[in-house]
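Report on one structure; see the data block that follows.
Please treat every number below as a calculation from the coordinates, not as lab data. Being a predicted model, the structure only gives us computed values, none of them experimental. Positions of Cβ are backbone-derived with ideal geometry, glycine not excepted, and every protein chain shown enters the neighbour counts.
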Ligand SMILES: [Zn+2]
């Protein structure tokens, strides 16, 4: 038989194959967009001819491309690229925010939206949210949206509130439209009031595509070769994302969740429109596919506004925000399940996780389906009983260990001993649950090393405080969750997620050996090369 020669060989590496035996190899041969062979450097040298390009891994880690199973690629990519990034420490006062608004207003026509994202009022010198008057002062003739880092609230100026038709607090649930002492609008809107107003903010198709392309460029430099997009602005985002992926402008492979962040009613209408087409999860190709439908059951872990069964440790009367009732979730999960969809929910608190587990259980009891792979995004706080039910039902939780590295100290304060079952990755492993890892960028940074830090150390990266250490996993376990399990979560483990002959050649080469590198310093590890489908899409040196 004639031997096939390789287009590329990666040699002299510590190759984490993530195959079923977690074998470690030395070299990988690539032909076209696929892996031809994996083995020792001597084995793989046999695939070399005059045309083969050789990459020396220098004795460092080679692994399958990272799969970020939960990222808002558009919102992340739009930061500093259509949407002004106002995260600390770039911005540390309201005056800083005003200066950035003025600068943008000078470039825009009157009436064009000015969009900013990422401030944290706790980190501003004034320790409060800016007011609508302060935004008006900087841009009297443009509508302004200033979204907080959690994405669950934002401040709007007078023109923006007028466009959205927000005139009084009675239009929304208590506390959603924040008022000044004299009863006038403050400008800060929360949850549904914020989401509804967000629908009025305008983005052009081109602006969105540029956001995705920018996000993609950053992901490739971090070794992320596949992204499960957790959604943004509904139809306009999905259209732009599909265009960007199928023209090759975005190189990472995308599994797009069906989600619109404009609140519950808008989300239901958006999902219903898909259910009526007959097209469902899995439609697409290796570059872009229709993912699960996603609903949003509760608030955020760091607000904190996640829906918890027992009140927060630091604020016992507060049980967070529950957006969907059990009955509403049951109806939507059943409907989407029957329509052939993979279903998922943003569920952070144990109350929200329980609602989703109940809903999936009811759907599967009424209409059994093998290999449904219904997911729970975040699946933040669980307990042994919930973990048992998740295992039994075959639910795929998507964990966010990067949240532990960024918010660990706050979590200890908010959730007390519940952190022992927060992003419970070791308990999932022990129970035979397949969990994948997502960064949830732009809520956190999408660098996989940040997630690995949280998974390996269960430690706040700033304070060094530990958080539920019993949930630590080791490097090989974390790498599997971040690669193969991510592929499993989108029904693609047969084509990617491990380095095995015949699979897509999505490969990352690091500048250190993860197996010997100290876990506390994993954030210092960088990517040297990223390959997607055998093509080098990022090279550091
Ligand atoms: Zn998210």
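The overall shape of the stretch 299-495 is oblate: from the C-alpha gyration tensor, with semi-axes ordered a ≥ b ≥ c, the ratio a/c is 1.5 or greater and a/b is no larger than b/c.
Which shape class, rounded, prolate or oblate, goes with the stretch 66-205 when its Cα gyration tensor gives a ≥ b ≥ c as root eigenvalues, a/c under 1.5 marks rounded, and past that a/b bigger than b/c marks prolate? If you can, show how the numbers build up before the last one.
Working: a/c = 1.33, a/b = 1.22, b/c = 1.09.
Verdict is rounded for the stretch 66-205.
To the nearest ten degrees, helix 235-246 and the longest principal axis of the Cα atoms of the chain are 20 degrees apart. Put simply, when 267-278, 480-491 are sorted by average Cβ atoms within 10 angstrom per residue, most first, you get 480-491, 267-278. How far, in degrees from 0 to 90, does helix 350-366 lean away from the longest principal axis of the Cα atoms of the chain, to the nearest 10? The angle comes out at about 70 degrees. Principal-axis analysis of the Cα atoms of the chain puts helix 264-275 at an angle of about 40° to the longest axis.
Once you have the Cα-Cα distance between residue 204 and residue 431, take 0.36 nm times their residue separation minus that, and quote the gain in nm to one decimal. Let's see the in-between values first.
Details: separation 227, 0.36 × 227 = 81.72 nm, distance 4.60 nm.
Taking 0.36 nm per residue and subtracting the Cα distance, the gain is 77.1 nm.
The spacing between the stretch 404-474 and the stretch 296-339, judged by their C-alpha centroids, is 20 Å.
Centre-to-centre, using Cα atoms only, the stretch 20-59 and the stretch 161-228 are separated by 47 Å. Size of the chain: Rg and Dmax of its alpha carbons, in Å, are 23.2, 86. For the chain, the share of DSSP beta bridges that are antiparallel, to the nearest 5, is 50%.
Taking 0.36 nm per residue of sequence separation and removing the Cα-Cα distance, the residue 162/residue 392 pair yields an extension gain of 77.8 nm. Modelled label positions at residue 539 and residue 4, each set 7 Å beyond Cα in the direction of Cβ, lie 2.4 nm from each other. Most tightly packed first, judged by the mean number of other beta-carbon atoms within 10 Å of their residues, the peptides 425-438, 346-359 read 346-359, 425-438.
Which of rounded, prolate, oblate describes the stretch 73-136, given a ≥ b ≥ c as roots of the alpha-carbon gyration tensor eigenvalues and a/c under 1.5 marking rounded, otherwise prolate only if a/b is larger than b/c? Can you show the working numbers first?
Values: a/c = 2.07, a/b = 1.19, b/c = 1.74.
Here the stretch 73-136 falls in the oblate category.
When the chain is fully extended, how far beyond the present Cα-Cα distance does residue 21 get from residue 109, taking 0.36 nm per residue of separation?
Details: separation 88, 0.36 × 88 = 31.68 nm, distance 5.98 nm.
Working it through step by step, the gained length comes to 25.7 nm.
Each peptide in 492-505, 229-242 receives the mean, over its residues, of other Cβ atoms within 10 Å, and ordering these scores from highest gives 229-242, 492-505.
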